[in-house]
1. Give the stretch 32-54 a look and list any residue that's of a type in the set (A, V, I, L, M), open to solvent by 50 Å² or more (accessible area, probe 1.4 Å) and in contact (Cβ under 8 Å) with a residue 12 or more places away in the chain, or say none.
2. How many residues are among the polar types (S, T, N, Q) and touching a residue at least 12 places away in the same chain (Cβ under 8 Å) if we restrict to the stretch 406-429?
3. Taking THR228 as the residue in question, decide whether it is hydroxyl-bearing (Ser, Thr, Tyr), assigned to a strand (DSSP E or B) and under 27 Å from THR449 (Cβ atoms).
4. Look at ALA278 and say whether it is buried (at least 16 other Cβ atoms within 10 Å of the Cβ) and either closer than 25 Å to ALA460 by Cα or modelled with pLDDT of 90 or more (or both).
5. Among the listed residues GLY339, GLY273, GLY312, GLY290, identify the single one that is touching a residue at least 40 places away in the same chain (Cβ under 8 Å), among the small types (Gly, Ala, Ser), surrounded by fewer than 21 Cβ atoms within 10 Å (Cβ to Cβ) and farther than 30 Å from ASN149 by Cα.
6. What single numbered condition from (1) open to solvent by less than 30 Å² (accessible area, probe 1.4 Å); (2) over 30 Å from PRO238 (Cα atoms) fails to hold for CYS385?
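The values are calculated or read from the model by the stated rules, or taken from the named source; none is laboratory data. Bear in mind that the values here come from a model prediction, so they are computed numbers and not experimental data. Glycine also receives a Cβ, built like all others from the backbone with ideal geometry; neighbour counts cover every protein chain displayed. Ligands, DNA and RNA are stripped out before the accessible areas are found, and what is left, the full protein with its side chains, is counted by its heavy atoms. Shrake-Rupley method; radii C 1.70, N 1.55, O 1.52, S 1.80 Å.
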Amino acid sequence: MTLELTSPPETPPVKRRRAHEEARFLPDVSGQLDPMRGAPALQVPDGHLAWTVKQWVEEWLDCGELTKSYSSLGRRGHHPSRLLAVWIYAVLDKKKYATNVSNALKTDAAYIMLAGGRWISASVLRTFRRENGVFFDKAIQQTIARAVNEKLLDLDDLSVDSARLRAHASSKSMRTLKRSKARLQELSKIDVAQLDEEARKQHDAKVSKHQEAVESCAEQERTSYSTTNETAALIKFPDGGAAPGHRVTVVSVGQKLRFIVGMLLNWMAHDGGLLGPALLEARRQLLRAGLAENTKFQVAADAGYLSEKDLGFADANKDWLDVLINVPASDVDPNGYFGRDVFVILPDGSARCPANRPMSGPYKEGDGRYWRGQGCVKCELRSKCTRGSQRKLRQSPRYEALVAGMKERLEQPGARTRYNRRIATVEPVFAYLEDNMGYRRASSRHTATIKAELLLHVLAYNLSRLRAGRPVFLCLFCAELDRDQDERLVIRLPRWELLDRWGCGPVCYEAGS
């Protein structure tokens, strides 16, 4: 008798079925009494900022898109709205590192209440922030739409400016075009044949490093870059030193509200050329918020945007844009050097410098021309003329016509008054981000995390401005009436919340903002 061995019939793999259609999350236990921590929801007093943040996330932001990315399979996780609330509160509490936020979730009742009575690890917080930059951008769009619907934005008071944010990069990782070119010239003078094998390898490595830096700067059209942070560059900060940093350009609205409607992150060392991209981004956000296509914007910008590219953008988009860019009253260089008015351009095209020496040229440059100084190194006026070895004088008919047109625009009635409101519209925004939020340095070198972190700060800022700009409704039935020692009537509110939420109806009256 023989036995035949047969393989078992193939069965299709069992597909795991969803027990629930919607994602499941850990329940909120912040109101339950814990023998060690107590009840966090009862420990946080009424009127605390944590309750305000909780209301913002629950009532002002639509987090439905966040929950769609979670699966109903596997373990229950933290609800994304609680993670968002924790991060917004942390940003307002000057905490930007996930480790510090996670440590606060062990002891701080406000953080524990926002997290639903749970502890959240630093890796979960870090991952949530890194992967939800797109949602933060859409949440900012929701705040702009709410401000438009409540008619809080004054489009006659738009301002553009930028701030420098220190990058998460070391100075050793920086490569500059100027230094690499100078080092290549120095290395080319070394006789490689006289070097031993080890020294020759070091020499070749240095040459390769600086050649790569020159090629990378030429390819990216940059003067500096970081090998560890692609959005960082060498930027001069207000303290006078140069360090790795990012440039954050902001478009804000309103002298009182100072609401952010546009934001750009780049590595530029100056503001020139950024006016157009910043205003196009702000217009895109406002049109998505419900403004009409033919809405006209009035914008003010400082002299940092007095470049041919920015002036040309303002001139080409006059149908929807009215830009005021500050033009210095005199032709004196901002660094204290001789201005254009000191140089003499003769009818035959030649030019003479302030020392009455002839300059070489003219040479063609775009649609304009330029001249070079001669004998500048030994000139007695060099300290007042240039910091380099040679002064360069440029002349561009198109640029000069654009500057003259902007001067004429600033001389129109009311233009200078409107421009003077710029400093109160955009400068406090950077003061709030740097001082109130403590945001002066990025916490990561990864581009996605940097953008998400910046968007999160802008979202928290806009939410705080929405709260400040909305009118407050008081109800005589809900509020407590009392008289102080001077017999003045005092209205005491149990909480700051808007009483139109309480359903009091027509008995409420507006008390102002």
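1. LEU49
2. Number of matching residues: 1.
3. No; evaluated as a whole, the condition is false for this residue.
4. Answer is yes for this residue.
5. Answer to the check: GLY312.
6. (2) is the only condition that CYS385 fails.
Here's the yes/no breakdown for (1) modelled with pLDDT under 90; (2) crowded, with 21+ Cβ neighbours inside 10 Å; (3) assigned to a helix (DSSP H, G or I):
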{"residue": "LEU433", "(1), (2), (3)": "no, yes, yes"}
{"residue": "SER444", "(1), (2), (3)": "no, no, no"}
{"residue": "THR449", "(1), (2), (3)": "no, no, yes"}
{"residue": "LEU459", "(1), (2), (3)": "no, yes, yes"}
{"residue": "ARG467", "(1), (2), (3)": "yes, no, yes"}
{"residue": "PHE473", "(1), (2), (3)": "yes, no, no"}
{"residue": "LEU476", "(1), (2), (3)": "yes, no, no"}
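Table: residues versus (1) surrounded by fewer than 20 Cβ atoms within 10 Å (Cβ to Cβ); (2) on the phi > 0 side of the Ramachandran plot; (3) at pLDDT below 90; (4) touching a His at 6+ places or on another chain (Cβ under 7 Å).
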site: LEU184; (1), (2), (3), (4): yes, no, no, yes
site: GLN211; (1), (2), (3), (4): yes, no, no, no
site: GLU219; (1), (2), (3), (4): yes, no, no, no
site: ASP239; (1), (2), (3), (4): yes, no, yes, no
site: GLY245; (1), (2), (3), (4): no, no, no, no
site: ILE260; (1), (2), (3), (4): no, no, no, no
